[in-house]
Amino acid sequence: MTLREHRQLFSALLPDLLAEAHRLGYAVAIDEVKRGKVQAIVNAIPLSIRALIALSVRPFSVALAEALSDPRAGVGIRNSLHLDGLAVDLQLYKPPETWLTDAADYEPLGIWWENRHPLARWGGRFGDADHFSLEYLGRK
């Protein structure tokens, strides 16, 4: 399957994922789908050294320094499926005002997603519980 076909499949499956989350009693917020290349690079830098890099790049790029210093910035890999538009990070809430951050809270939805399609992958299998994706070129 081509990247276009993968993206179309992912786009077709995503509404079902959201509907299932609601059926399971979660309130849902979509956190991230398509990630830019610069953000992927930032996310791949270990948190422990981002602040040091931010200090050195600030004179040249305030935007990059701010991205490096953002405490909300995620941790990830440089070649993320978010770059290809084949992954979504969801924030689950239950009851609506309580943000769930424990992987066990995401597991029922993750298992459902994995059973939805042979390429569907849940990040709880690799330490990223809020991540739902379609495998592409061996990446999850």
> Between residues in region 38-51 that are farther than 14 Å from residue 63 by Cα and residues that are at pLDDT below 75 and small (Gly, Ala, Ser), which pairs lie under 6 Å by C-beta distance while being six or more apart or on different chains?
Replying inline: 43/74; 43/76
>> What pairs come out if I take residues in region 86-97 that are outside the structural domain of residue 11 (by TED's automatic domain parsing) and pair them with residues that are surrounded by fewer than 20 Cβ atoms within 10 Å (Cβ to Cβ) and part of a loop (DSSP other than H, G, I, E, B) whose C-beta lies under 7 Å away, six or more apart or interchain?
In response: none
> Does region 29-52 contain at least one residue that is hydroxyl-bearing (Ser, Thr, Tyr) and within 20 Å of residue 87 (Cβ to Cβ)?
Replying inline: no
>> Looking at region 56-69, I want the residues that are touching a residue at least 24 places away in the same chain (Cβ under 8 Å) and have a partner that is among the small types (Gly, Ala, Ser) and in a helix (DSSP H, G or I) with Cβ atoms under 6 Å, at least 6 apart or on another chain. Which pairs are those?
In response: 68/54
> In region 1-28, how many are charged (D, E, K, R), closer than 13 Å to residue 85 by Cα and in contact (Cβ under 8 Å) with a residue 40 or more places away in the chain?
Replying inline: 1
> Which one is nearest to residue 31 (Cα to Cα), of the residues in region 96-140 that are part of a loop (DSSP other than H, G, I, E, B) and in contact with a Lys or Arg (Cβ under 9 Å, 6 or more places away or on another chain)?
Replying inline: 140
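The values are calculated or read from the model by the stated rules, or taken from the named source; none is laboratory data. Source: prediction; values computed, not measured. So basically every Cβ, Gly included, is an ideal-geometry build from the backbone, and we count neighbours across all protein chains shown.
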